[in-house]
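To start, the structure under review is shown below, and the notes come after it.
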Amino acid sequence: MWWKSAVFYQIYPRSFADSNQDGVGDLPGITQKIPYLASLGVDALWLSPVYPSPQFDFGYDVADYCDIDPLFGTLTDFDQLVATAHHHNLRIVMDLVFNHTSHLHDWFKESRQNRRNAKRNWYIWADPGLDGGTPNNWESVFGGSAWEWDELTGQFYLHSFLKEQPDLNWRNPEVRQAIYAVMRFWLERGVDGFRMDVVNVYYKDAALRDNPLVLGSGISKGLRSYDRQRHIYDRDQPEMEQTLGEMRALLDFYQPPRMMVGEIMGEDTGIAARYCASNQLNLAFNFEFSSSGWRPRNFQKIVQKWESTLGVDNWPCYVLSNHDIVRHVSRYADGPHAADQKAVVAAALLLTLRGTPFLYYGEEIAMRNVKYAREQIQDPFGKQFWPFYTGRDGCRSPMQWSGAENAGFCENAKPWLPLAPDFAERNLALQQENPTSIWHQYRQLLAIRRAESALQQGEFVPLQQRNVESMVFLRQTADETILVALNFYGWEVTAHLDQPLPSGEWQTLYNTLAEQPAPAYVPQTLILNAYQVAIWKRKP
Ligand code: GLC
């Protein structure tokens with residue numbers, strides 16, 4: 001299947017390219033950059049939401065699932081984008097936000113009119129609890145109770161995120177049919193797949209039972225009371241299996257094949273794996289790299305765990321950065337110099353693992369997370385928890401195309417978020433001129449992945465199980481073997497391999513240490529220089 005060998009690139013449309021000079025990126029802006037994306041060597045683009053929205057959660061609050069927000073363009077612009085992308089062999093994946101709508105969606109406007117309204121049961125309404133307070137103890141991911149009192153009709157409605165994002169009632173068959181119609185609408189328009197927002201949150205316990213508290217949990221479990229509950233009743237309900245089955249059948253009806261990748265909330269990758277099955281999601285993101293310290297053994301453990309949890313029938317999917325988390329270069333850095341070297345090690349890891357990699361815009365030039373002052377913060381999540389948590393704006397700064405005004409993101413407008421302060425030194429134009437830049441490393445690694453079937457399909461065979469001070473592994477098919485060696489540290493590291501390398505001659509596909517010959521014989525130790533990345537292929 002194409003999505004197994006594809007490399008995906010996530011675009012946050014507000015911040016990618018502004019064609020109409022209003023300070024916000026848009027669809028024609030993305031279309032103009034399609035030749036660039038094709039030349040980078042990625043295969044598919046995931047667009048964060050571009051539907052009409054009051055933008056309380058920057059598009060993750062959808063007011064109409066079957067149109068484009070004028071901020072981003074029109075349906076004609078969208079068709080143009082799909083056609084241009086397809087012309088360049090790039091696929092398009094839309095973000096579907098179906099746990100909730102915007103409070104300004106017509107469905108919700110009707111639902112809140114009165115209790116007898118035909119759409120009343122499209123959302124989750126409930127009477128106060130016995131104490132006259134909220135119906136139960138469920139908390140919003142963004143802070144505070146998940147219940148909002150509605151004065152007009154005298155009931156509470158549920159919102160797992162902002163109060164401007166009321167949760168749909170998935171138990172209502174009319175809701176499901178309306179949602180499936182939305183999916184068909186985009187599939188008919190030629191989109192190649194979907195990224196399913198918080199897909200394990202759709203169903204909630206029908207009896208609205210209280211979540212139990214995490215034992216011994218104090219403030220140490222996190223700032224949010226959401227993190228101090230065990231989410232057994234407000235997500236991961238058994239009904240989801242059948243719903244995903246219906247969605248999958250809908251997708252499988254189309255040719256060429258379409259796909260869906262799910263965002264599963266929670267830290268338990270065992271739960272995420274359950275949603276990947278032949279009749280459910282094609283892929284589920286594994287987010288564990290985002291909370292892992294920069295140690296090779298951590299990464300190897302995550303990969304081995306994910307491989308064994310998914311089993312042979314399911315396909316892994318990895319991500320280092322996205323629009324919700326601190327950019328990985330900033331997360332892993334312990335100094336400005338090492339940050340760039342770590343960026344290359346991380347890129348090589350992501351692009352040589354068995355599984356589908358998702359890149360995040362700007363990652364290919366190692367864009368840093370930006371620190372914004374309080375008055376610059378836009379993200380509602382950041383506003384809520386400031387100063388303990390400053391939100392997600394830092395990873396959403398405008399793309400750094402060049403050293404021109406506003407980094408070439410827009411010309412005569414004020415960008416919706418200020419540019420990163422380093423854009424004059426860190427931008428695409430400069431990196432394209434410099435053959436040793438991170439951008440050139442990404443491009444080379446992407447080209448190698450595209451050329452080597454062992455990197456796309458091969459088995460993952462780690463060569464060290466103890467004393468994992470570096471990551472050394474094979475990617476192996478019946479006919480091809482590729483050896484990957486990654487030193488995460490700024491000093492020389494000796495890798496003692498558990499098993500001798502397969503015999504034969506090796507050819508260098510990639511080596512940050514240009515003058516080093518490929519291993520000539522069968523060593524059981526590899527000496528790796530500071531931050532060295534090497535990829536060798538066994539000659540047939
Ligand atoms: C997902 C999105 C995030 C959004 C939330 C609510 O986690 O990735 O950006 O705020 O869902 O829709």
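The values are calculated or read from the model by the stated rules, or taken from the named source; none is laboratory data. Because the structure is predicted, anything quoted here is derived from the model rather than measured. Using ideal geometry, Cβ is built from the backbone for each residue, glycine included, and neighbour counts are taken over all protein chains shown. Quick note on the areas: whole protein, heavy atoms, side chains included, nothing else; ligands and nucleic acids left out. Shrake-Rupley method; radii C 1.70, N 1.55, O 1.52, S 1.80 Å.
Descriptive notes on the structure:
- So residue 308, is it under 30 Å from residue 14 (Cα atoms) and without any contact (Cβ under 8 Å) to a residue 12 or more places away in the chain: no
- Residue 291 farther than 23 Å from residue 4 by Cβ and polar (S, T, N, Q): yes
- Among the residues of segment 44-59, those identified as buried (at least 21 other Cβ atoms within 10 Å of the Cβ) and either modelled with pLDDT under 95 or part of a loop (DSSP other than H, G, I, E, B) (or both) are 48, 49, 50, 51, 52, 53, 57, 58, 59.
Yes/no per residue for (1) free of Cβ contacts under 8 Å to residues at least 60 places away in the same chain; (2) surrounded by fewer than 21 Cβ atoms within 10 Å (Cβ to Cβ); (3) assigned to a helix (DSSP H, G or I); (4) of a type outside the set (Gly, Ala, Ser):
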| residue | (1), (2), (3), (4) |
| --- | --- |
| 290 | yes, yes, yes, no |
| 294 | no, yes, no, yes |
| 326 | no, yes, no, yes |
| 343 | no, no, yes, no |
| 351 | no, no, yes, yes |
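- If you go through segment 457-496 and pick out every residue that is in a loop (DSSP other than H, G, I, E, B), at pLDDT 95 or above and among the β-branched types (Val, Ile, Thr), you end up with 1.
- Candidate set: segment 89-105, residues that are open to solvent by 60 Å² or more (accessible area, probe 1.4 Å) and within 25 Å of the chain's Cα centre (by Cα); chosen: the one nearest to the ligand (Cβ to nearest atom): 91
Yes/no per residue for (1) surrounded by 14 or more Cβ atoms within 10 Å (Cβ to Cβ); (2) within 16 Å of the ligand (Cβ to nearest atom); (3) more than 19 Å from residue 55 (Cα to Cα):
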{"position": "107", "(1), (2), (3)": "yes, no, no"}
{"position": "114", "(1), (2), (3)": "no, no, yes"}
{"position": "120", "(1), (2), (3)": "yes, no, yes"}
{"position": "127", "(1), (2), (3)": "no, no, yes"}
{"position": "138", "(1), (2), (3)": "yes, yes, yes"}
{"position": "152", "(1), (2), (3)": "no, no, yes"}
{"position": "166", "(1), (2), (3)": "yes, yes, no"}
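- Filtering segment 330-341 to residues that are open to solvent by 10 Å² or more (accessible area, probe 1.4 Å) and not in a loop (DSSP other than H, G, I, E, B) leaves 330, 331, 332, 336, 337, 338, 340, 341.
- Some residue of segment 383-392 being within 16 Å of the ligand (Cβ to nearest atom), assigned to a helix (DSSP H, G or I) and either open to solvent by less than 10 Å² (accessible area, probe 1.4 Å) or at positive phi (or both): no
- Taken residue by residue, segment 65-79 has no member that is over 16 Å from residue 195 (Cβ atoms), surrounded by 14 or more Cβ atoms within 10 Å (Cβ to Cβ), small (Gly, Ala, Ser) and within 14 Å of the ligand (Cβ to nearest atom).
- Odd one out for residue 515, checked against (1) modelled with pLDDT of 90 or more; (2) more than 22 Å from residue 296 (Cα to Cα); (3) open to solvent by 60 Å² or more (accessible area, probe 1.4 Å): (1)
- Odd one out for residue 267, checked against (1) outside any helix (DSSP H, G or I); (2) of a type in the set (Asp, Glu); (3) away from the ligand (no atom under 16 Å from the Cβ); (4) closer than 21 Å to residue 315 by Cα: (3)
- Every pair of residues 6+ apart whose Cβ atoms lie under 6 Å, when the first sits in segment 156-169 and is farther than 16 Å from residue 382 by Cα while the second is more than 8 Å from the ligand (Cβ to nearest atom) and β-branched (Val, Ile, Thr): 158/124; 160/201; 167/124; 168/175; 169/124; 169/175
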